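First up is the structure itself, then whatever we jot down about it.
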Amino acid sequence: MTTSENSVALRLMTTADLPMLHEWLNRPHVVEWWGGDDARPPLADVVEHYTPRIQAEEAVTPYIAMHGGEPIGYAQCYVVLGSGDGWWEDETDPGVRGIDQFLGNPRQLNKGLGTKLVRALAERLFSDPTVTKIKTDPAPDNHRAIRCYEKAGFVQQKLIETPDGQAVYMVLTRQRFEGGK
Ligand SMILES: CC(C)(COP(=O)(O)OP(=O)(O)OC[C@H]1O[C@@H](n2cnc3c(N)ncnc32)[C@H](O)[C@@H]1OP(=O)(O)O)[C@@H](O)C(=O)NCCC(=O)NCCS
């Protein structure tokens, strides 16, 4: 983990983080863009939903983003191939990873922290040589997230239909990531 005051670092989420995650998931700026029908979950649902991820029983790996020694947000990555439930059925490449994230504190939005978070996650994922590209799928009207991902190097590819509705399919290839360093 890097110690620079201005950087964003990622650590694996633990069960001790679940009450904080629960609080974040109920904040309006997160509810607006995260959770769909499962938005504003009670603590019991958060524990049930995220504990298998913490225990590495699912293909989704959960992280807490840290900044200046404080937890500032949540991020997750997953193996796209075999996601199931109607997600990413066209994917054939086992090296593709998907990412999702949010900042917990509304006062910290639009200050560049999300871009740093996404870059830190990309750095971490591409340190695995088997990872070929990273994709993300913001809602078409989530302009702040789309801009953030573009600043982190992602490129908009196309509009897609997902089980959660329409999304912008955005990709960061290894080649682009390594060229942009
Ligand atoms: C998405 C999120 C992680 C981005 O992090 P962030 O720290 O706010 O983003 P950044 O400050 O790095 O970048 C945001 C960019 O969007 C721009 N922006 C903000 N609102 C915008 C809008 N309505 N239209 C266009 N651009 C907008 C900002 O100006 C900034 O770009 P700039 O630096 O070129 O000026 C954070 O906003 C968040 O947690 N949002 C709520 C949950 C969410 O949407 N999660 C993503 C689900 S896909």
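Summary of computed values
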quantity	calculated
Hits in segment 146-155 (condition: open to solvent by 20 Å² or more (accessible area, probe 1.4 Å) and either near the ligand (Cβ under 7 Å from one of its atoms) or aliphatic (A, V, I, L, M) (or both))	147, 148, 151, 155
Test set (1) under 17 Å from the mean Cα position of the chain (by Cα); (2) surrounded by 15 or more Cβ atoms within 10 Å (Cβ to Cβ); (3) farther than 19 Å from residue 145 by Cβ; (4) free of Cβ contacts under 8 Å to residues at least 60 places away in the same chain - residue 25 fails condition number	(3)
Failed criterion for residue 59 (all others in (1) at pLDDT 95 or above; (2) surrounded by 15 or more Cβ atoms within 10 Å (Cβ to Cβ) hold)	(1)
Out of 81, 103, 121, 117, sole residue that is on the phi < 0 side of the Ramachandran plot and over 12 Å from the mean Cα position of the chain (by Cα)	81
Scan of segment 157-181 for residues that are open to solvent by 90 Å² or more (accessible area, probe 1.4 Å) and out of contact with any helix residue (DSSP H, G or I) (no Cβ under 7 Å at 6 or more places or on another chain), ordered by number	157, 158, 159, 161, 166, 175, 176, 178, 181
Elements of type strands (runs of 3 or more DSSP E) contained in segment 37-136, each with 2 or more residues being more than 16 Å from the ligand (Cβ to nearest atom) and polar (S, T, N, Q)	none
Any hit, segment 3-15, residues being modelled with pLDDT of 95 or more, over 14 Å from residue 101 (Cβ atoms) and assigned to a helix (DSSP H, G or I)	yes
Test for residue 135: is it of a type in the set (Lys, Arg) and without any contact (Cβ under 8 Å) to a residue 40 or more places away in the chain	no
Test: residue 35 is without any contact (Cβ under 8 Å) to a residue 24 or more places away in the chain and exposed (fewer than 12 other Cβ atoms within 10 Å of the Cβ)	no
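The values are calculated or read from the model by the stated rules, or taken from the named source; none is laboratory data. Every value quoted in this text rests on a predicted model; they were computed, and no experiment measured them. Cβ atoms come from the backbone with ideal geometry, glycine included; neighbour counts cover every protein chain shown. Only protein heavy atoms, including side chains, enter the accessible area calculation; ligands, DNA and RNA are left aside. Shrake-Rupley method; radii C 1.70, N 1.55, O 1.52, S 1.80 Å.
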